[in-house]
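These notes concern the structure reproduced below.
The values are calculated or read from the model by the stated rules, or taken from the named source; none is laboratory data. In this text, all values refer to a predicted model and were calculated from it rather than measured experimentally. Note that we place each Cβ from the backbone using ideal geometry, even for glycine, and neighbour counts take in every protein chain shown. The accessibility values were calculated without ligands, DNA or RNA, using every heavy atom of the protein model including side chains. Shrake-Rupley method; radii C 1.70, N 1.55, O 1.52, S 1.80 Å.
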Amino acid sequence: MKTILVAGGAGYIGSHMVALLVEKGYDVVVVDNLRTGHWQAVKGARKLYVGDLRDAAFLDQVFSENKIDGVINFAAYSLVGESVTNPLKYYGNNVAGSQSMLTAMKEHGVDKIVFSSTAATYGEPEKQPIEESDRTDPTNPYGASKLAIEGMLKWCDKAYGIHYVALRYFNAAGSNPEAGIGEDHNPESHLIPLVMKAALGQRSHIGIFGDDYPTADGTCVRDYIHVRDLAEAHLLALEHLEKTGESGIFNLGSGDGYSVKEIIETARRITGREIPAKIEPRRAGDPSVLIASNKKAAEVLGWTPKRGLEEIIADAWTWHSGHPNGYEG
Ligand code: UFG
């Protein structure tokens, strides 16, 4: 049985990864500092180590106590707005945390890592759909911190033979109702969970950030991808590293774009709730359209997303209506 170390495994996407690995029979070890993650989200892992990636002695203990075959690193701060006002928090945690992880991998002879990157590495895109070879010019420190880590991975591959797959996520959403896990951020800033909270009456309405973008209905278009499809891509990435040892960078998106208004309309239909919406000013730094080309992930990893927008929103609704206070009750 293979042992996989999942850093950030108590977070939203990380916890869905843990559930999938456990389902597939892997031995799973999680490290998480629980600053933004929830211990309750870690289902079926053999061990949860609570500590910080930047603590070299802590990581050394984790690698010494377990024979790790591969690492998946989700551990990061991910609030775009906060990164603009506090860039050092983002470089300090995201970049230094990954540096520390790579150092421990080098010292313990672990040579495979799958890394959570982001569409924010592209910044304002040159064209749609976005391909991996397109220009990367992040418009915020969050995206810049992830791009810096991609660079670090490339050089560590050349110098130490640590092979990597960096996965640039578009808009992750949905949940895993069978595992009883879902999205629980505090504060929450993402569209779909906020729409769910408006459907539950926990918020008076959902604000639509701008309706004067150059899109069909004037609201921003994004590429929403089910969190379970994301998790499946990581598993394929690990298998790809094992088979070929070839590093690479891949977009993870559905290839379809939906506007903010379309998301709200779909959520009204699926939840049967009214979901009041109000037009509000644009949010700084939002590109009008972000749609992934997922061709490379299909060709090289054999990944194609299986779940569409309806399932994303239905699963988000199952989670939020069943856990109106998230993991707290
Ligand atoms: N939006 C609203 N109202 C809200 C919240 C969001 O209209 O209350 C809109 C945003 O303006 C945007 C869309 O809904 O057009 C999606 O917004 P999210 O905040 O859910 O997601 P983003 O596209 O801003 O962010 C995602 C990831 C980030 C990543 C970024 C890359 O969540 O981690 O894509 O651009 F950095």
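Data overview
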| item | result |
| --- | --- |
| Net charge of Cβ neighbours under 14 Å - reference GLU232; Lys, Arg +1; Asp, Glu -1 | 0 |
| Rounded to 5, percent antiparallel among DSSP beta bridges of the chain | 5 percent |
| Amide proton proximity set for ILE225, modelled H, under 5 Å, gap of 5+ | ASN171, ALA172, ALA173 |
| Positive minus negative residues near ASP32 (Lys, Arg vs Asp, Glu; Cβ under 15 Å) | +2 |
| Crossing angle, helix 260-271 versus the chain [Cα axis fit, 0-90 degrees, rounded to tens] | 90 degrees |
| Cα-based radius of gyration of the stretch 1-54 once divided by 2.2 N^0.38 Å, which approximates compact folds | 0.99 |
| Entries in LYS106/LYS306; LYS43/LYS89; LYS106/LYS158 that, when Cα-Cα distance is taken, lie over 24 Å | LYS106/LYS306; LYS43/LYS89 |
| Karplus (6.51, -1.76, 1.60) ³J(HN,Hα), θ = phi - 60°, over the stretch 146-162, in Hz, Gly and Pro reported as x | 5, 5, 4, 5, 4, x, 4, 4, 4, 6, 5, 4, 4, 7, 10, x, 8 |
| Normalised contact order of the stretch 203-267, rounded percent, pairs of Cα under 8 Å and 6 or more residues apart | 40 percent |
| VAL30 accessible area, assembled protein chains, probe 1.4 Å, Å² | 0 Å² |
| Spatial separation of Cα centroids for the stretch 103-177 and the stretch 228-298, in angstrom | 16 Å |
| Heavy-atom surface of the stretch 1-99, accessible at 1.4 Å and reported per residue (Å²) | 42 Å² |
| Principal-axis tilt of helix 309-322 within the chain, Cα atoms, nearest 10 degrees | 90 degrees |
| Whichever lysines have a C-alpha closer than 20 Å to that of LYS197, once near sequence neighbours (fewer than 8 apart) are set aside | LYS261, LYS278 |
| Where only alpha carbons of the chain are counted, the Rg and the Dmax (Å) | 19.0, 56 |
| Environment charge at LEU241 (Cβ cut-off 11 Å; Lys +1, Arg +1, Asp -1, Glu -1) | -4 |
